[in-house]
Each structure stands twice: as C-alpha cells, then as structure tokens.
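Comments concern the structure below.
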C-alpha cells in the first residue's frame, strides 16, 4: 500500500463550481454510476475507512467533494454518483449540470477515473462520461470494481471484453480490475495517480 495516499484528507465540498478550491495544481476526478463502489474504491486507494462516505442508498454523494492528496495542489475529486439514485429529477439534472460544468471548465483536471461494476460495465451513463472525456481530451481509467463478485475466469473475460470494446480509444483509455473487498488492483491505480498528479516516487 502506497503510504502517500494515507495522507489524503478532506478539503472541501462544493454544490457549485465557484465553491471549489482554486483551479490550480492537478486533480483526478472519480465518477461512477450510483452503487458502483466509487466511495469504497477511494477509501481503499487512500487506505482509509471513512474518507469518502459510503452508503447502501444510491446517490448519497450530492456535491463535488475535494480531497487533498497530502498537499492542497494535488487533489482527488469525488463526483456525484449518476444513474438510478432515488432523488427528484430536478436534483438529478442539477448534479448533471454541475458535473458537466466541472468537466468542461476545470483546468486543473488531468485525468478521470470512471468506476463501474464489472458485472454491468459500459452503461449509457458510462458512455456519456467517456464522451465527455473525449471532448475535454483527458485520459481515463475505467476501474471495474466488485471483481470479487465473479470467478477469476469470468472477471478476466469481462475485462478483455471491455478492452476490446474500447480498442479504438487508444492509450488514452485504460482498463483495470478492482476489488475493495479483496483489496485487489490498488497498486496499478496508485502508479497511474502518481503519473497524473506528477507525484515523485
């Protein structure tokens, strides 16, 4: 476990982009369909149990939450969960507008981690996030969580299928398996975050 990410701490939550930290430095955003395991993934990556709030109720994250990865100008960003969250349609649209504004305008955004359940990858919402990443020309890691829910052969087959589906994206989009329960797949994420955030070894 990379000790650097254990130093990650809550910085700020923003319901509007003008409430975000100053748009300088480098930050990596985590996005995912509600209940895909985004908060659990962030907690494991940072080796902290309750850094990102987890819930059995989809759509708990209703703001953009900024965490400092040991220093304020290197940040991890938890975007609102999208998908089937049981909230009013008006609130859903507000979240989508906030995410769109963030993705299009945030200059310090250097990479996007799209978290998806390995059993249900590349939903319409995931495809929308990929389309956004193309438009803003940011690299992407597709993190296929809950790998422990499948047998090893089935998990490898699913990873291969997703990679084939995205072969046309080139090296801009990477795909990796992950399990918060079994603590699998953390090291490659750390390596990529180090690269994107330009954190020395």
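Quote the relative contact order of the stretch 3-197 in percent (integer), defining contacts as alpha-carbon pairs under 8 Å separated by 6+ residues. All intermediate terms of the calculation are to be shown ahead of the outcome.
Numbers: 356 pairs, mean separation 45.9, N = 195.
Rounded, it is 24 percent for the stretch 3-197.
Stokes-Einstein D for the stretch 3-197 at 25 °C, 0.890 mPa s, Kirkwood Rh over Cα pairs, in µm²/s?
Values: Rh = 16.6 Å.
After rounding, the answer is 148 µm²/s.
Where the centre of each part is set by its Cα atoms, how far does the stretch 1-25 sit from the stretch 109-157, in angstrom?
22 Å
With 10 angstrom as the radius, rank 73, 78 by how many other C-beta atoms surround their C-beta, starting from the fewest.
Working: 73 14, 78 24.
With the fewest neighbours first, 73, 78 line up as 73, 78.
Taking every DSSP beta bridge that has both residues in the chain, what percent is antiparallel when rounded to the nearest 5? Before the final figure, lay out the partial values.
Details: 12 of 35 bridges.
Once the DSSP bridges in the chain are tallied, antiparallel ones form about 35 percent.
How would 193, 156, 150 line up from fewest to most surrounding beta-carbon atoms within 10 angstrom? Write out the running numbers ahead of the final one.
Numbers: 193 21, 156 13, 150 18.
The most exposed by this proxy come first: 156, 150, 193.
With the cut-off at 1.5 for a/c, could you classify the stretch 126-201 from its C-alpha gyration tensor as rounded, prolate or oblate? Walk me through the numbers on the way to the answer.
Numbers: a/c = 2.19, a/b = 1.18, b/c = 1.86.
Because a/c hits 1.5 or more and a/b fails to exceed b/c, the stretch 126-201 counts as oblate.
Please give the calculated 222 nm ellipticity per residue for the chain, where each DSSP H segment of at least 4 residues contributes -39500 (n - 2.57) and the sum is spread over every residue; nearest 500 deg cm²/dmol? Intermediate values should be presented prior to the final figure.
Details: 5 runs with 64 residues, N = 201.
Counting only the DSSP helices, I get -10000 deg cm²/dmol.
Readers should treat all values here as calculations from the given coordinates under stated rules, not as data from a laboratory. Source: prediction; values computed, not measured. As a convention, Cβ positions derive from the backbone with ideal geometry for all residues, glycine included, and neighbour counts pool all protein chains shown.
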